[in-house]
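Trainee: Right, I'll just put the structure down here and ask away after.
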Amino acid sequence: MDATTAALVGATGGAGTTRLAVELGATLARDGREVAILDAAFATEGLSRHVPDRIDPDLTDLLVAEADRSLADGLREHSVTADLPGRLELCPAHAPFERLARAKTADAAQRFEALLDDAGENFDHVLVDAPPVAANQAVAAVTAADRVAVVAPASERGVDALARTRGRVADVGASVDAVIANRVEGDWDSGSEDHPLRSADAAIPESDATSVEDVPASVGGSDASADPEDGFAPAVARTAEVVFDAELELEFEESGLLDLDGEEFLPDALS
């Protein structure tokens with residue numbers, strides 16, 4: 001049975017978890033699945049950039065408001081949904097600093113876990129855009145989700161950050177189920193011993209997308225009827241399979257990337 005909830009944890013700041021969460025969500029929706037993304041990266045509020053309309057209430061409001069709020073109140077449907085057989089909804093964080101601070105308390109973290117459980121009951125898959133494990137909401141994400149996937153830059157910096165993240169996840173009683181090498185350059189599927197993350201479970205190449213309007217590039221950007229990028233879309237689909245331990249029924253003209261052996265991207269000492 002496919003996993004329902006997964007935390008995408010950045011091994012370091014700027015690892016690209018927000019962009020990857022949207023790409024994965026859109027790809028799963030392209031496969032006919034209903035997907036929600038919850039924003040635990042309060043410091044950057046990156047998911048809010050993918051919601052053009054007013055965000056009220058946002059996710060932090062659901063966590064701290066005295067009024068009775070449900071998950072449905074904070075969900076916003078992504079525009080790409082109109083062109084896909086499935087559905088993608090976002091629950092972004094977008095709040096003043098004072099509310100962001102209150103949303104990081106232990107009590108708010110418990111409510112975050114309840115929201116994640118609620119989402120898991122109402123969607124086929126739920127992704128949490130989580131920052132490095134250093135705050136209560138990130139701890140809640142990795143301990144409450146069915147699976148934990150660490151997103152690391154495909155660099156020596158990413159290797160160091162990955163080792164530190166594994167330790168932090170273990171410290172809070174959880175475990176890492178998958179490692180995603182992000183923004184991989186060059187001949188990344190060759191199994192080169194020189195590659196710093198050669199044993200990652202999945203890898204995402206660099207994309208030509210340069211703006212929010214171009215995302216999700218895996219389904220053709222804001223115009224989901226357009227052809228997705230060659231190479232990038234199959235890599236995202238393979239990553240979705242890894243993150244949720246699932247099997248998608250998508251087909252791509254360019255084959256090969258879905259057959260990637262992910263055991264090639266991580267140093268043996270960290271696998």
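Rule-based calculations on the coordinates, nothing more; no lab input. The shown structure was predicted, so the numbers you read here are calculated from the model rather than taken from an experiment. With ideal geometry, Cβ positions are generated from the backbone for all residues, glycine too; neighbour counts draw on all protein chains shown.
Trainee: Have a look at the DSSP beta bridges in the chain and tell me what percent are antiparallel, nearest 5.
Mentor: About 10 percent, rounded to the nearest 5.
Trainee: Based on the mean of other Cβ atoms within 10 Å per residue, sort peptides 153-159, 120-126, 237-243 so the most packed one is first.
Mentor: 237-243, 120-126, 153-159
Trainee: Still on this structure: Once you have a ≥ b ≥ c as the square roots of the Cα gyration tensor eigenvalues for the chain, tell me rounded if a/c is under 1.5, and otherwise prolate or oblate according to whether a/b is larger than b/c.
Mentor: Cα axes put the chain in the oblate bin.
Trainee: When only Cα pairs under 8 Å and 6 or more residues apart are kept, what is the percent relative contact order across the chain? Mind showing how you got there, number by number?
Mentor: Values: 583 pairs, mean separation 67.8, N = 271.
RCO, the chain: 25 percent.
Trainee: Hey, can you grab everything whose amide H is under 5 Å from the amide H of Ala154? Only 5+ residues off in sequence or another chain; H modelled, so Pro and N-termini drop out.
Mentor: Here the answer is Asn182, since their amide H atoms fall under 5 Å of that of Ala154.
Trainee: Stick to Cα atoms and the Kirkwood definition of Rh, then tell me Rg/Rh for segment 48-164.
Mentor: Looking at segment 48-164, the ratio lands at 0.98.
Trainee: Still on this model: Under a 5 Å amide H to amide H cut-off, with H placed in plane at 1.01 Å, what residues pair with Ser199 once short-range neighbours are removed?
Mentor: Sorted by chain and number, the residues that satisfy this are Phe265, Leu266.
Trainee: Starting from the amide H of Val128, placed 1.01 Å from N in the peptide plane, find each other amide H under 5 Å away whose residue is 5 or more places distant or on another chain.
Mentor: For Val128, the qualifying residues are Ala6, Ala7, Leu8, Leu38.
Trainee: Give me Leu250, Leu90 sorted ascending by neighbouring Cβ count inside 10 Å, so fewest comes first.
Mentor: In order of increasing Cβ crowding within 10 Å: Leu250, Leu90.
Trainee: To the nearest 0.05, how large is the calculated FRET efficiency for Ala72 and Ser175 if R₀ is 30 Å and r is the Cβ-Cβ distance?
Mentor: In this case the efficiency is close to 0.45.
Trainee: So what are the ³J(HN,Hα) numbers for segment 120-133, from phi and the Karplus equation (6.51, -1.76, 1.60; θ = phi - 60°), rounded to whole Hz, Gly and Pro as x?
Mentor: Coupling constants for segment 120-133: x, 7, 10, 10, 5, 9, 10, 10, 10, 7, 10, x, x, 6 Hz.
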